[in-house]
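Undergrad: Supplied in structure tokens, the structure appears directly below.
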Amino acid sequence: MEMIRIEAPPELDMPVGEAMFTQRAIRRLDPCRPISESHLKIILDAASKAPSGGNTQPARFLVVRNKDRIREFGKLYHEAWWAKRRDEYGWTGKDDIPRGSVYEMPSRLADEIVDAPAIILALSVDGKQAAHSVFPPVQNLLLAARALGIGSVLTTLHAQVMERVYAMFEIPREVEFHCCIPLGYPRGRFGPTKRYPTSETTSWERWTAKPPWA
Ligand SMILES: Cc1cc2nc3c(=O)[nH]c(=O)nc-3n(C[C@H](O)[C@H](O)[C@H](O)COP(=O)(O)O)c2cc1C
């Protein structure tokens, strides 16, 4: 495959700080507003610019926009989401989710993903260490989507559905699945997000020492 150079598209003019500090998990997606092919290309071009080990670029992306296919995949996503909760907590239905827990919104996404305007599967070719080189592109993808006003959320699947997902999209066995990213214009708002302070999550020179701003 021949490598190419491309310039930054003028649509990506949001300051990088604003994109990073307001990007968040958007799970309530507007089902009536499709995402254009040109915006999807910008998002994927941004992903392609990320670093990878030895510039091997093992990341591959499978874009799904067809409504019927999204519906079909959405059912598998729903099954996978509940399979994960069953494995983790033994939950089998909505009544098991504690009120106000972090799982309320994700469970809603599991219901509503069938209406997502687009879904991107992040995959990789070329072996086992590829995961390290897939998530830098995925993060670029999330930030580029944010800069275009498009909401996204990084999600995973469950072994229970993987064979059917591979069959549905005709993904060869040697290709590895990493995550699934529904995309759409938000019904909610972007950021701000809450995170642990870097004074607590950073060590300075040695593990037991805090950074100067602590
Ligand atoms: C590895 C990984 C797996 C995730 N899996 C899911 C998921 O299955 N379903 C979901 O709704 N969100 C999922 N998320 C999104 C996280 O819940 C979200 O990024 C986190 O809660 C921070 O949200 P915020 O940016 O809105 O504050 C996942 C994120 C990561 C990085």
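The values are calculated or read from the model by the stated rules, or taken from the named source; none is laboratory data. None of the values given here were measured: they were computed from a predicted structure. Every residue, glycine as well, gets a Cβ built from its backbone with ideal geometry; the counts of neighbours run over all protein chains shown.
Undergrad: Before we move on, is Ala209 more than 15 Å from the ligand (Cβ to nearest atom), out of contact with any strand residue (DSSP E or B) (no Cβ under 8 Å at 6 or more places or on another chain), of a type in the set (A, V, I, L, M) and modelled with pLDDT of 95 or more? If you could, list the steps in order and put the result at the bottom.
TA: Details: more than 15 Å from the ligand (Cβ to nearest atom): yes; out of contact with any strand residue (DSSP E or B) (no Cβ under 8 Å at 6 or more places or on another chain): yes; of a type in the set (A, V, I, L, M): yes; modelled with pLDDT of 95 or more: yes.
Here the answer is yes, as Ala209 does meet what is asked.
Undergrad: Among the residues of the stretch 50-70, write down those that are under 18 Å from Val161 (Cα atoms) and either in contact with an Asp or Glu (Cβ under 8 Å, 6 or more places away or on another chain) or surrounded by 18 or more Cβ atoms within 10 Å (Cβ to Cβ) (or both).
TA: Result: Val64, Ile70.
Undergrad: Does Pro10 meet the test of being surrounded by 15 or more Cβ atoms within 10 Å (Cβ to Cβ), of a type outside the set (Ser, Thr, Tyr) and part of a loop (DSSP other than H, G, I, E, B)?
TA: When the stated conditions are applied, Pro10 does not pass them.
Undergrad: While we're on this one: Residue by residue through the stretch 77-90, note down the ones that are among the small types (Gly, Ala, Ser) and more than 13 Å from the ligand (Cβ to nearest atom). Walk me through it before giving the result.
TA: To start, the set of residues in the stretch 77-90 that are among the small types (Gly, Ala, Ser) comprises 80, 83, 90.
Within the stretch 77-90, Gly90 is the sole residue that qualifies.
Undergrad: Find the residue count for the stretch 91-119, including only residues that are closer than 25 Å to Leu40 by Cβ and away from the ligand (no atom under 14 Å from the Cβ).
TA: At the first step, the residues of the stretch 91-119 found to be closer than 25 Å to Leu40 by Cβ are 105-106, 108-119.
With the extra rule that they be away from the ligand (no atom under 14 Å from the Cβ), the set shrinks to 114-115, 117-118.
Residues in the stretch 91-119 being closer than 25 Å to Leu40 by Cβ and away from the ligand (no atom under 14 Å from the Cβ): 4 in total.
Undergrad: Let me spell it out: the conditions are (1) within 14 Å of the ligand (Cβ to nearest atom); (2) farther than 16 Å from Ala59 by Cβ; (3) at pLDDT 95 or above, and Tyr185 meets all of them except one. Which number is the exception?
TA: (1)
Undergrad: Could you run through the stretch 34-46 and say how many residues are within 25 Å of Asp111 (Cα to Cα) and either touching a strand residue (DSSP E or B) at 6+ places or on another chain (Cβ under 7 Å) or small (Gly, Ala, Ser) (or both)? Step through it out loud before you land on a result.
TA: Let us first name the residues in the stretch 34-46 that are within 25 Å of Asp111 (Cα to Cα), namely 34-36, 40.
Okay, now just the ones that are also either touching a strand residue (DSSP E or B) at 6+ places or on another chain (Cβ under 7 Å) or small (Gly, Ala, Ser) (or both), so 35-36, 40.
The qualifying residues number 3.
Undergrad: Here is a follow-up. For Glu18, which of the numbered conditions (1) within 16 Å of the ligand (Cβ to nearest atom); (2) crowded, with 16+ Cβ neighbours inside 10 Å fails to hold?
TA: (2)
Undergrad: With the condition being hydrophobic (A, V, I, L, M, F, W, C), in contact (Cβ under 8 Å) with a residue 12 or more places away in the chain and surrounded by 11 or more Cβ atoms within 10 Å (Cβ to Cβ), I'd like the helices (runs of 4 or more DSSP H) fully within the stretch 128-214 carrying at least 1 qualifying residues. Talk me through it step by step, then tell me what you get.
TA: Details: elements: 135-147, 159-169, 198-201.
Because the criterion is at least 1 residues that are hydrophobic (A, V, I, L, M, F, W, C), in contact (Cβ under 8 Å) with a residue 12 or more places away in the chain and surrounded by 11 or more Cβ atoms within 10 Å (Cβ to Cβ), the helices (runs of 4 or more DSSP H) in the stretch 128-214 that meet it are 135-147, 159-169.
Undergrad: Can you confirm whether the stretch 27-40 contains a residue that is in a strand (DSSP E or B) and either in contact with a Leu (Cβ under 6 Å, 6 or more places away or on another chain) or buried (at least 16 other Cβ atoms within 10 Å of the Cβ) (or both)? Spell out how you get there, then give the answer.
TA: The first filter runs over the stretch 27-40 and keeps only residues in a strand (DSSP E or B), leaving 29.
Going one step further and asking which of them are either in contact with a Leu (Cβ under 6 Å, 6 or more places away or on another chain) or buried (at least 16 other Cβ atoms within 10 Å of the Cβ) (or both), we end up with 29.
Looking through the stretch 27-40, at least one residue is in a strand (DSSP E or B) and either in contact with a Leu (Cβ under 6 Å, 6 or more places away or on another chain) or buried (at least 16 other Cβ atoms within 10 Å of the Cβ) (or both).
Undergrad: Scan the stretch 121-130 residue by residue and report those that are out of contact with any His (no Cβ under 6 Å at 6 or more places or on another chain) and either among the hydroxyl-bearing types (Ser, Thr, Tyr) or within 14 Å of the ligand (Cβ to nearest atom) (or both).
TA: Our first condition is that a residue be out of contact with any His (no Cβ under 6 Å at 6 or more places or on another chain); within the stretch 121-130, this holds for 121, 123-130.
Residues satisfying the conditions are Leu121, Ser124.
Undergrad: Being surrounded by fewer than 17 Cβ atoms within 10 Å (Cβ to Cβ), assigned to a loop (DSSP other than H, G, I, E, B) and among the charged types (D, E, K, R) narrows it down to one of Arg86, Arg99, so name that one.
TA: Working: Arg86 fails: assigned to a loop (DSSP other than H, G, I, E, B).
Step by step, each of Arg86, Arg99 is checked, and only Arg99 is surrounded by fewer than 17 Cβ atoms within 10 Å (Cβ to Cβ), assigned to a loop (DSSP other than H, G, I, E, B) and among the charged types (D, E, K, R).
Undergrad: If you don't mind, another one. For Glu72, all conditions in the list (1) outside any helix (DSSP H, G or I); (2) closer than 30 Å to Ile43 by Cα hold save one; what is the number of the exception?
TA: Checking Glu72 against (1) outside any helix (DSSP H, G or I); (2) closer than 30 Å to Ile43 by Cα, the one that fails is (1).
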